Amino acid sequence: MLAFEQYTPTKVVFGKDTELQTGKLVKEFGGTRVFVVYGGGSVVRSGLLDRVMKQLEEEGIACMASGGVKPNPTLAKAKEMIKEAIEFGADFVLAVGGGSAIDTGKAVAHGTANPDKDFWDLWLKKIPLTKSLPIGCVLTLSATGTEMSDSAVLTNEETHYKKGISTPFNRPAFSIMNPELTYTLPDYQVRCGIVDIMMHTLDRYFCGKAGIGNELTDQIAESVLRTTIAAGKVAAKNKCDYDAMSELMWCGSISHNGLTGLGGIRDFSVHGLGHPLSAWFDTAHGASLSVMWGWFAEYVWQENPSRFARYARNVWGIDEADDEKAALAGIKATVDYFKELDMPTCFTEANIPVQDEEMLGKLADNPTAKGTATLGSFKKLTKDEVIEIYKMANH
Ligand code: NZQ
Ligand code: ZN
């Protein structure tokens, strides 16, 4: 097991009606002027935003709500909200919604606490981030794990660069998780979420040190995957099944709070391959991952067939003694599951227009820093290899 640090300070408040504790929790974490971030309006239509604002008002907390964050949230919107939050004098950020609203909330917290610094330079870590405001969230979509994660992702629309920042300041002070709040989701978003939850563990499980002395982490990872797959099958048919939606919600948090990769090496190749698709074509995050995983796996599995064989046996129950056959069966089972969820597994299915070689090169620039870095650790992928994987997906 490699050395690691694990710091997950988020207070999780899980269960029915937990959003009614919002005011109390903001107070507990010292918020007196709260800037509330939300998305395109689902929380207005569901009445959730009203309930949350009422909670804050009842606790005598000054608050200002600001919406309009879109999926694949942008740098421009984050900057606009930072300006509003500074003018309001916010000392706490509350995000109500899915990953896009919460990630923008994290951005607002960082930008508001550092009004004299260039925000994008902070995001790119050209300037160190040394302080932020506390953030709380009310989660409405089980997918990204941002409710406990140390990361947040924005897209610079001008440069088509989708970029995440990892920092302990991204860990929320609290997260309210009521699975019933996900019942209003569009079916497609439920299914995107299932893929994303799986991928946060898969992108850790297939890493450079895979299969070498990390048994507890591996077994936690396999359990999260099995549970997500089983609950996902139920949720894809009935998003109002409380048990299935609860499992997905908690799997989403565990899958991306660090636990399923402790003691391993960071990989995140499939996220790296998926982000440019969102940045250039606004592909939903989960769909960008279902498009790329199978081709990534097909390209890299021979680096460590026994790792893929273990995955096939322990996650998919594949009874095959030969490692190579088991590995391929596990890859097929995963891609078949994405198809069963009606998620895209190639560019055409995701409505990504067929690209010429030049465009594939632009996509590959993002995860390889224009060819100056490699992607991932399971197999360190050069820019040319990334282009090869995009070519495999491009039909
Ligand atoms: O914007 P509203 O109107 O709220 O509608 C949203 C949006 O259209 C809707 N929605 C969310 N909850 C709903 C709902 N509609 C009805 N009822 C509800 N309960 O769903 C749509 C998608 O929402 P979004 O927040 O974009 O989805 P998701 O949670 O998948 O977030 C995706 C973003 O998070 C990033 C992704 O890259 C993407 O930008 N990620 C963040 C991570 C992190 N911070 O740790 C890790 C992930 O790997 C990921 O990169
Ligand atoms: Zn993800």
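The values are calculated or read from the model by the stated rules, or taken from the named source; none is laboratory data. Treat the numbers as computed from the prediction; the structure is a model and nothing was measured. Here Cβ is always computed from backbone atoms with ideal geometry, including for glycine, and neighbour counts include all displayed protein chains. In case anyone asks, the SASA skips ligands and DNA or RNA and just uses the protein heavy atoms, side chains included. Shrake-Rupley method; radii C 1.70, N 1.55, O 1.52, S 1.80 Å.
Of all residue pairs spaced 6 or more apart or on separate chains, those with beta-carbon atoms under 7 Å, a first member in segment 325-352 that is closer than 27 Å to Ser306 by Cα and a second member that is of a type in the set (Asp, Glu) and not in a helix (DSSP H, G or I) are Ala326/Glu320; Ala329/Glu320. Would you mind stating whether Gly213 is more than 16 Å from ligand 1 (Cβ to nearest atom) and on the phi > 0 side of the Ramachandran plot? In short, yes. When Gly68, Gly97 are screened for being free of Cβ contacts under 8 Å to residues at least 60 places away in the same chain and either β-branched (Val, Ile, Thr) or within 13 Å of ligand 1 (Cβ to nearest atom) (or both), only Gly68 passes. Of all residues in segment 258-299, those that are at pLDDT 95 or above, away from ligand 1 (no atom under 14 Å from the Cβ) and either open to solvent by 30 Å² or more (accessible area, probe 1.4 Å) or not assigned by TED's automatic domain parsing to the domain that holds Ile352 (or both) total 3. Taking segment 156-169 as the range and being more than 14 Å from ligand 2 (Cβ to nearest atom) and either open to solvent by less than 50 Å² (accessible area, probe 1.4 Å) or not assigned by TED's automatic domain parsing to the domain that holds Val26 (or both) as the test, the residues that pass are Asn156, Ile165, Thr167.
Wholly within segment 269-338, which helices (runs of 4 or more DSSP H) include no fewer than the required count, namely at least 2 residues that are within 13 Å of ligand 2 (Cβ to nearest atom)?
Numbers: elements: 269-281, 285-300, 305-316.
The helices (runs of 4 or more DSSP H) meeting that bar are 269-281, 285-300.
Per the listing Glu349, Glu358, Glu385, the residue uniquely in the same structural domain as Asp282 (by TED's automatic domain parsing), open to solvent by 10 Å² or more (accessible area, probe 1.4 Å), modelled with pLDDT under 95 and outside any loop (DSSP other than H, G, I, E, B) is Glu358. Scan segment 83-90 and give yes if some residue there is of a type in the set (A, V, I, L, M), under 19 Å from the mean Cα position of the chain (by Cα) and not in a loop (DSSP other than H, G, I, E, B), otherwise no. No, segment 83-90 has no match at all. Taken over segment 3-43, the criterion of being open to solvent by less than 80 Å² (accessible area, probe 1.4 Å) and part of a helix (DSSP H, G or I) is satisfied by Thr18, Glu19, Gln21, Thr22, Gly23, Leu25, Val26, Ser42, Val43. For residues in segment 235-244 being out of contact with any Leu (no Cβ under 9 Å at 6 or more places or on another chain) and hydrophobic (A, V, I, L, M, F, W, C), which is nearest to Thr334 (Cα to Cα)? The extreme case among them is Ala244. Has segment 219-238 got at least one residue that is outside any helix (DSSP H, G or I) and surrounded by 18 or more Cβ atoms within 10 Å (Cβ to Cβ)? Taking every residue of segment 219-238 in turn, none turns out to be outside any helix (DSSP H, G or I) and surrounded by 18 or more Cβ atoms within 10 Å (Cβ to Cβ). Restricting the first member to segment 202-215 and to residues that are more than 14 Å from Phe308 (Cβ to Cβ), and the second to residues that are within 16 Å of ligand 1 (Cβ to nearest atom) and open to solvent by 50 Å² or more (accessible area, probe 1.4 Å), the beta-carbon pairs closer than 8 Å and six or more apart or on different chains are Arg204/Arg266.
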